[in-house]
Protein chains: 2
Amino acid sequence: MPVSIKMTQPAGDGTAAYQSLADEIRELIEAGTLRVGDRIPSIRRLRQQSSRSISTVLHAYQVLEGMGLIEARPQSGYYVKRRPSAGSTIACSDPSSTPRAVNVLDRLTRINREMCDPALVPLGGAHPGKPMLPMRQLLRLERTLGRVARRGADWYEFPAGALELQQAIASHYIDAGCTFAPEDIVVTCGAQEALVLCLRAVAKAGDVVGVESPTYFGVLQAMESLSIRAVELPTHPQHGLDLDRLRRTLARQKLKALIVSTNAQNPLGFVTSDEHKRELTRIITRQRLPLIEDDVYGDLTHGPRPRTCKAYDEEGLVMLCSSFSKSLAPGMRIGWCAPGRWREQIERLKFSSTIASHTIAQQVIAAYIKQGGYVRHLRKITRIYEQQLCTASNTVLESFPAGTNVAHPVGGFVLWIELPRTIDAMALYERSAAAGISIAPGPIFSPSGRYQHHIRLSIGHPWSPTLAAGIRRVGELAKELSVR
Amino acid sequence: MPVSIKMTQPAGDGTAAYQSLADEIRELIEAGTLRVGDRIPSIRRLRQQSSRSISTVLHAYQVLEGMGLIEARPQSGYYVKRRPSAGSTIACSDPSSTPRAVNVLDRLTRINREMCDPALVPLGGAHPGKPMLPMRQLLRLERTLGRVARRGADWYEFPAGALELQQAIASHYIDAGCTFAPEDIVVTCGAQEALVLCLRAVAKAGDVVGVESPTYFGVLQAMESLSIRAVELPTHPQHGLDLDRLRRTLARQKLKALIVSTNAQNPLGFVTSDEHKRELTRIITRQRLPLIEDDVYGDLTHGPRPRTCKAYDEEGLVMLCSSFSKSLAPGMRIGWCAPGRWREQIERLKFSSTIASHTIAQQVIAAYIKQGGYVRHLRKITRIYEQQLCTASNTVLESFPAGTNVAHPVGGFVLWIELPRTIDAMALYERSAAAGISIAPGPIFSPSGRYQHHIRLSIGHPWSPTLAAGIRRVGELAKELSVR
């Protein structure tokens, strides 16, 4: 008999309604309100109870099914399959608030070789797999561009980029709440160059910049190579930066900038709410603090296109960075930034660093966006990534040692995993590599080498028996390490 | 009646024998030993006198003819046409030896827009013209690479570059006296990124680096953007860095690095002798001083492929930088460096700055080199550039104010011009731009804004009535400015 449950009203913040519904049901299962074997409300009933659309409810059920918490029984409905073990959600991080020199490059240089090694099972680098990318369409486009492309390669593009691409990005980002003029955009060699240029514009060697904890290691690389120090900020795996503690940090610590990723953060996979974004933008505006917003996965969230902090930025303090490397073609090296009040400075730094970006690649991507191909492509692959992450998450929960927790990414294609405390991530990384599997160890996501019992798995390649076997093998290796 | 002249023996240093012969004859004309109307020795006779090959002698005559100093009379021989006006050679520069902050970016950012503006007569940017580049061959190659190329774009290339391209560069540089292993090479986004990474590896904000005077403005941009100070070093327009004065500077001034261009230096166009290169390398080795050697035009010298300082570098102190932007495709953004003992550090900096370079472009260029297309292409275009520079040089001497001197480039495609002291290069630049002509004003080639009565013309586009008229028009504008 189905349990009747009282659902809260939708938050109305425009992001991931299905996710908050799934979260509520998960909490009910955790709390024991819904028990294993219980039938959960039908889609129709839940729709009425929670004022959500059928597709939102269905979406929430699929997420829960993906997490292995509920199962569909033919002709009957959805039933609770498994109660998440106590503590199965990852807690908000609680790093030291002391600024420190970043030290990841030694480790990373070696790890990157394995992340790029095609002979290994590709769970390490956050690289989209070949079938996830519209290479044939892009190459066909390049051919049909014909004379345009040929005209292209023989000249230096303007440092700020091809007008066609600036226009295409500006119009694509309307959905993210941004109203850009084409000239607000500076095209770069991938988002990494955008991050480095933004950092160089606002900080110098010895300065302190705030980062999420954990954070994408590319941010840390950039900071280490510029001798910029980091202070790690408490970050919730579902809600993002802890704004109360951010306020307290800012009250006693002089920062030159903040770097955050608000949409499908790497490695945690959260999308922050519109309210969170608005409030964060308010905080940095009050402090005149530059905010470098990494939106590399913003186009790859599972729900509707979320907004960015940039959408709430009235004073040009947000420097939005993104790229097409995760969604279209890593090898084309096309990223960009919208650096607000640092626009002129960023153009000069770009000009001084690499002159301009690849000419034809800019034309091809601009045409792909303009023709609507990009949005269609995103619609297709985000659904695939969502499904794959669910399956991968299940596989981890089934095969990893008891006490393992996984994040609940709502975008992108990486999965953050907290292992029992006895398991050393670097040892697991070494053993996995020796077993022919590439994974990303937790310490590279922290300037101070925290996350020593965490790993990140990338599910950017199409789901396959090889990927599944790879994950299970890493789970076995983790079990071996845990009993030592 | 031909004058009999005693020629010195060839220097035997392997570079530009024709150039030293041309220099000797020019000096004889300057000194009045050969007078206007005098017949100069026949090729056959001069060959015997000077132990040079017929082609060397012929080459020297062509250079002198290009400079407008001699003319061929049918069935008769070569005659002195014009005596270079006193001081018609540009003197060795004599800059202040005080280190100073570089300040070119303000000017450059604007000037670059004009240098890229296709509506202007393109005498400003050192951009090769469309017909000078094998775009059709490269695009055809990209298509025939087929699956390789498709395999390519969907992954991040290794930070140090595609092995195929590293191999191709290593084998191509044997002719420049370098014995590289493929892994000695780090591929970059153009030579500009290579320069920036090399600077970042050996110097930090506030440090002092020595540069040639005048020097390529991209070097200055890179230094300004990194807050590295510059000391300008006396540089001879034909023989390069004044090594005696370099020794004296090093004796009293702590430098973190030297940046030089030894082959077809931009803007002067000289190629230094092997002996000069060997001695320069000896000096920096004794001082353990990193030498950043910009060889961007090394493949575009008019004579045989000259060596590099890197060829004499036994201790890994020379960081050789180059690119394919001047010879193949500016829009592909493929450069590289061979950074000697800083190899690991440069790979890390590259990884942290732009992750990797464009994947397919690396494959295409590697294939073009391997198939022999690159060397054939160079053979063709260097001859064209040499001819064009001669014609342009003549056009300048005919149409510019009396007292104008031009450099004698033996490579590349730019022409450095010294105007009478009364003419302000920035004013000439402004007036030329207003007249629809892009030129490069002298001050951007100096950290301290020297060369205020110098300009650089780029003859990278095919010679045409438009280019000729453009040069003549700049000459008229210069005359107008000189009489004010």
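Values as computed for the structure displayed
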quantity: Average other protein chain Cβ within 10 Å of Cβ, residues B:358-365; calculated: 4
quantity: Accessible surface, the range A:303-421, averaged per residue in Å² (probe 1.4 Å); calculated: 29
quantity: Test item: Cα-centred dipole of chain B, Lys/Arg +1 and Asp/Glu -1 on Cβ, debye; calculated: 540
quantity: Cβ-vector label at 7 Å, A:ALA469, separations to other copies in nm; calculated: 7.2
quantity: Solvent exposure, largest accessible area first (probe 1.4 Å, DNA, RNA and ligands not counted), of A:PHE158, B:PHE351; calculated: A:PHE158, B:PHE351
quantity: Threshold 50 Å² - residues in the range A:100-128 whose accessible area is reduced by that much or more when the chain is no longer isolated, probe 1.4 Å; calculated: A:THR109, A:ASN112, A:ARG113, A:CYS116
quantity: Residue list for the range A:23-64, given a label point 7 angstrom along the Cα-to-Cβ vector of A:GLU398 and an amide N cut-off under 17 Å; calculated: A:63-64
quantity: Rg(Cα)/(2.2 N^0.38 Å) for the range B:402-484, N = residue count; calculated: 1.04
quantity: Heavy-atom accessible surface of chain B: percent carbon and sulfur, 1.4 Å; calculated: 50
quantity: Unit charges on C-beta of K, R, D, E only; dipole of the protein assembly as shown, Debye; calculated: 980
quantity: Cα lying deepest toward the dipole's positive end in the range B:355-478, options B:CYS390, B:GLY436, B:LEU378, charges on Cβ; calculated: B:LEU378
quantity: Isotropic mean projected area of the C-alpha convex hull, the protein assembly as shown (nm²); calculated: 41.5
quantity: Peptide-level mean, for A:326-332, of C-beta atoms on other protein chains within 10 Å; calculated: 6
quantity: Prolate/oblate/rounded label for the range A:46-133 (Cα gyration tensor, a/c 1.5); calculated: prolate
quantity: Segments B:206-213, B:168-175, B:22-29 sorted - mean Cβ within 10 Å per residue, highest first; calculated: B:206-213, B:22-29, B:168-175
quantity: Cα centroid separation, the range A:76-146 to the range A:404-468 (Å); calculated: 9
quantity: Packing rank of B:376-382, B:286-292, where each peptide gets the mean count of other beta carbons within 10 Å, highest leading; calculated: B:286-292, B:376-382
quantity: Surface accessible to a 1.4 Å probe, A:ARG473 within the full protein complex, Å²; calculated: 90
quantity: Spatial separation of Cα centroids for the range A:292-345 and the range B:42-73, in angstrom; calculated: 62
quantity: Solvent exposure ordering (accessible area, 1.4 Å, most first) of B:HIS358, B:HIS239; calculated: B:HIS239, B:HIS358
quantity: Distances in nm from B:THR144 to the matching label points in the other copies, shortest first (labels 7 Å along Cα to Cβ); calculated: 2.7
quantity: Leading residue at positive end of dipole, the range B:253-306 (Cβ point charges), from B:ILE259, B:PHE270, B:ILE283; calculated: B:ILE283
quantity: Across the identical copies, how the B:ALA72 labels are spaced - nm, sorted shortest first, 7 Å along Cα→Cβ; calculated: 8.5
quantity: Mean Cβ count within 10 Å, highest first, over the residues of peptides A:257-269, B:39-51, A:310-322; calculated: A:257-269, A:310-322, B:39-51
quantity: Area buried, chain B against chain A - accessible surface, total, 1.4 angstrom probe, square angstrom; calculated: 5000
quantity: Relative contact order (%) - chain B, alpha-carbon pairs under 8 angstrom, separation at least six; calculated: 21
quantity: Nearest 10 degrees, 0 to 90: helix B:373-399 Cα axis against chain B principal axis; calculated: 40
quantity: Translational diffusion of the range B:228-311, µm² s⁻¹ [Kirkwood Rh, Cα pairs; Stokes-Einstein; 10 °C; 1.306 mPa s]; calculated: 121
quantity: Debye, to nearest 20: dipole size of the range B:277-361, +1 on Lys, Arg Cβ, -1 on Asp, Glu Cβ; calculated: 80
quantity: Whether the range B:100-218 is rounded, prolate or oblate, judged on the alpha carbon gyration tensor where a/c under 1.5 counts as rounded; calculated: oblate
quantity: Among A:ALA311, A:PRO339, A:ALA119 the positive-end extreme of the charge dipole of chain A (Cβ point charges); calculated: A:ALA119
quantity: FRET efficiency, B:ALA101 to A:SER51 (Cβ-Cβ, R0 56 Å, nearest 0.05); calculated: 0.30
quantity: Label-point gap, in nm, between B:ARG143 and A:THR179 - each point 7 angstrom along Cα→Cβ; calculated: 4.6
quantity: Cβ-Cβ FRET estimate between A:VAL483 and B:ARG282, R0 fixed at 60 Å, reported to 0.05; calculated: 0.45
quantity: Overall form of chain A per C-alpha gyration tensor (a/c, 1.5; a/b vs b/c); calculated: rounded
quantity: Whole-number percent relative contact order across the range A:260-419, with pairs defined as alpha carbons under 8 Å at least 6 apart; calculated: 28
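The values are calculated or read from the model by the stated rules, or taken from the named source; none is laboratory data. All figures in this text were calculated on a predicted structure; none of them were measured in a lab. Cβ sites come from the backbone with ideal geometry, for glycine too, and all protein chains shown count toward neighbours. When the accessible area is computed, the model is the full protein with side chains, heavy atoms only, and any ligands, DNA or RNA have been set aside. Shrake-Rupley method; radii C 1.70, N 1.55, O 1.52, S 1.80 Å.
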